[in-house]
Number of protein chains: 2
Amino acid sequence: MRNLLKDKKLSETPFRKEVLEVFGNYSNAISMSVIEKGLKDYNRITLYRTIKIFLEKGLIHEIALSGEPSNYALCDSTCSSELHQHQHVHFKCTLCETVTCVEVAEFPSLHLPNYQIEQLEIQASGICKVCLKKE
Amino acid sequence: MRNLLKDKKLSETPFRKEVLEVFGNYSNAISMSVIEKGLKDYNRITLYRTIKIFLEKGLIHEIALSGEPSNYALCDSTCSSELHQHQHVHFKCTLCETVTCVEVAEFPSLHLPNYQIEQLEIQASGICKVCLKKE
DNA sequence: TATTTTATTGCAACATTGTTGCATTTATTG
DNA sequence: CAATAAATGCAACAATGTTGCAATAAAATA
């Protein structure tokens, strides 16, 4: 497994490794409170700063949601602080409420007259594959 | 002009009308702090509750943004609390920083195998038409 | 339109989250 | 392993979200 921290020139500390482990335990994006529950013990401020620097370095990305706290997910290795290179859709399931980064073969393109588009982010909602199977 | 408040079965109060006026003064989406600056005088809690009920009734919609406070914009008349029927893209300009709801002729469609998509939200970023002209 | 009913507002108070400076501790570098 | 650089934890504070409740204003009704 790649060393995410060293790759991004961040010091390897036990706490940061533990936060990354929590991300690794989920295949979906997770909220701050889920991260907190996944940690043995944590300092609120340190966690806040850890998430902040992970975002800045492009280790994780934030998925902003209307009416509820943001979720976070690990980035591709090609992401940097400046540019996120995700070719995936953020999918929020209306049943189980989880947010997932779904890889998509052909990412939709969009043309807006008079606008110069540099980045596209797509958030879909509906029923995820796990919940579809359960029905 | 349509009476937005009565349409949504909300009492018409001077304050609510003033908040709607502020929205009317902008062609783009606005943040809480912009709303505050546009009001003569306001009570923090009342404003908070006003925005909340406007959202619930589908009078306005929230545009959640990563790393910064949400923006808000007036909805189409067809929107309700349950379902937002926007056929527009949320465009964030990297130069002037404004967020605009851009109507688009053909809204992109997306198919994700094993997922049932109910709603799509697209957030684009780049350079808006105003800033393109200035260059 | 006066009165009743219902909804909104503003205050006080508190909860949660975001943020900084600084001393201490820990990781990295040579 | 010492020197340097970075991360952590504490205290303290700022900003934002939220509630109960009394006062006030709007809507419904007679």
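The values are calculated or read from the model by the stated rules, or taken from the named source; none is laboratory data. Just so you know, these numbers come straight off a predicted model, no measurement behind them. Positions of Cβ are backbone-derived with ideal geometry, glycine not excepted, and every protein chain shown enters the neighbour counts. Areas reflect the complete protein model, heavy atoms only, side chains present, ligands, DNA and RNA absent. Shrake-Rupley method; radii C 1.70, N 1.55, O 1.52, S 1.80 Å.
Scanning region A:96-135 for residues that are closer than 17 Å to residue A:67 by Cβ and of a type in the set (A, V, I, L, M) yields A:99, A:124.
One residue alone among A:65, A:55, A:112 is of a type outside the set (Ser, Thr, Tyr), within 12 Å of chain B (Cβ to nearest Cβ) and more than 16 Å from DNA strand C (Cβ to nearest atom), and that residue is A:112. Residues in region B:68-79 that are within 10 Å of chain A (Cβ to nearest Cβ) and of a type in the set (Gly, Ala, Ser): how many? So the count comes out to 1.
Please work out if residue B:58 is modelled with pLDDT under 95 and open to solvent by less than 30 Å² (accessible area, probe 1.4 Å). Yes, satisfied. Looking across region A:1-15, the residues that are more than 9 Å from DNA strand C (Cβ to nearest atom) and within 20 Å of residue A:38 (Cβ to Cβ) come down to A:1, A:4.
For region B:20-38, taking the residues that are open to solvent by less than 80 Å² (accessible area, probe 1.4 Å), away from DNA strand D (no atom under 14 Å from the Cβ) and farther than 20 Å from residue B:88 by Cβ, the one that is nearest to the other protein chains (Cβ to nearest Cβ) is identified as B:22.
In this structure, is residue A:45 in contact (Cβ under 8 Å) with a residue 24 or more places away in the chain and among the β-branched types (Val, Ile, Thr)? It would help to see each step written out before you state the result.
Details: in contact (Cβ under 8 Å) with a residue 24 or more places away in the chain: no; among the β-branched types (Val, Ile, Thr): yes.
So residue A:45 does not fit the description; no.
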